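Working notes, structure below.
The values are calculated or read from the model by the stated rules, or taken from the named source; none is laboratory data. Everything numeric in this text was worked out from a predicted model, so none of it was measured. Positions of Cβ are generated from backbone atoms using ideal geometry, with glycine treated the same way; all protein chains shown enter the neighbour counts. Side chains included, ligands, DNA and RNA excluded: accessible areas come from the protein's heavy atoms. Shrake-Rupley method; radii C 1.70, N 1.55, O 1.52, S 1.80 Å.
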Amino acid sequence: MEMIIPPGGLLMTSVEIAALTSKRHDQVLRTARDLAAQGITQSVECQYRATVGGREYPMHQLTKRDSLVLVARLSPEFTGRIVDRWMELEAVIAVPAIKTPATFSAALRLAAEQAEIIEEQAAKITSDAPKVLFAETIRAIDGVCHIDKVGKMIGIGRTKLFRRLREDHILIEGSRMPYQKYIDKGYFTVIEGSPYKDSKGVEHPTFTAMVTGAGQVFLVRKYAKVGGAES
């Protein structure tokens, strides 16, 4: 009986079926031979070369229908694995081919549009690189610094910076201490200093607000000219 090759030429070997069903190949091969001899399937026997030793061994090549018949006879519980494998094989050849000039032109336009998008993204990455590098450099700073130092870093005078911080309700009015929400965000940390004594000899605690690495990024983005932020 002549074997009918399916559209697309997809075939599954008895070796692959043995692997999918966790059976010995000689058992799968024997069942394939029996089914073919009875005329139930149309699988054909051929040879394959072993990867180790290079010796040739017999195997059967089966269509989708014949592979399902074989598994139903051999190990019905593994039918699902064979069906899944066939779905994978058929999905590979399911991509429609470009057949007409119109669809070919559309594909070219799509490719051109995608290339343009990629170029725009690359240009943006290039233009943003100094800003990103600046921000990441600050973020990587281990430790904290005084607010005054941030002002020098971004080119704003000490008096002007403190005024802006109070106007923007980052620092408490009449104080150099930040609002609690900015401490909670990790932008500032408050360090207790050495207490001082007043004229009556009474000690008072002292506190200093320090800017964290994340806080430096926040202040730079908000006030510095770097990155196009407001001055």
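Quick look at the numbers
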read-out: Filter result (free of Cβ contacts under 8 Å to residues at least 60 places away in the same chain, part of a helix (DSSP H, G or I) and surrounded by 13 or more Cβ atoms within 10 Å (Cβ to Cβ)) within segment 159-182; value: Phe162, Arg163, Arg164, Leu165, Arg166, Tyr182
read-out: In segment 37-59, the residues that are touching an Asp or Glu at 6+ places or on another chain (Cβ under 9 Å), open to solvent by 30 Å² or more (accessible area, probe 1.4 Å) and either farther than 21 Å from Arg85 by Cβ or not polar (S, T, N, Q) (or both); value: Ile40, Gln47, Tyr48, Arg49, Pro58
read-out: Neighbours by Cβ (under 9 Å, 6+ apart or cross-chain): first from segment 29-46, free of Cβ contacts under 8 Å to residues at least 40 places away in the same chain and among the hydroxyl-bearing types (Ser, Thr, Tyr); second open to solvent by 30 Å² or more (accessible area, probe 1.4 Å) and assigned to a helix (DSSP H, G or I); value: Thr41/Arg65; Thr41/Val69
read-out: Glu2 being of a type in the set (Asp, Glu), open to solvent by 60 Å² or more (accessible area, probe 1.4 Å) and either in a loop (DSSP other than H, G, I, E, B) or modelled with pLDDT of 90 or more (or both); value: yes
read-out: Hits in segment 181-221 (condition: aromatic (Phe, Trp, Tyr) and either at pLDDT 80 or above or farther than 19 Å from Phe162 by Cα (or both)); value: Tyr182, Tyr187, Phe188, Tyr196, Phe218
read-out: Residues that are open to solvent by less than 80 Å² (accessible area, probe 1.4 Å) and either among the polar types (S, T, N, Q) or under 12 Å from Arg73 (Cα atoms) (or both), drawn from segment 17-28; value: Thr21, Gln27, Val28
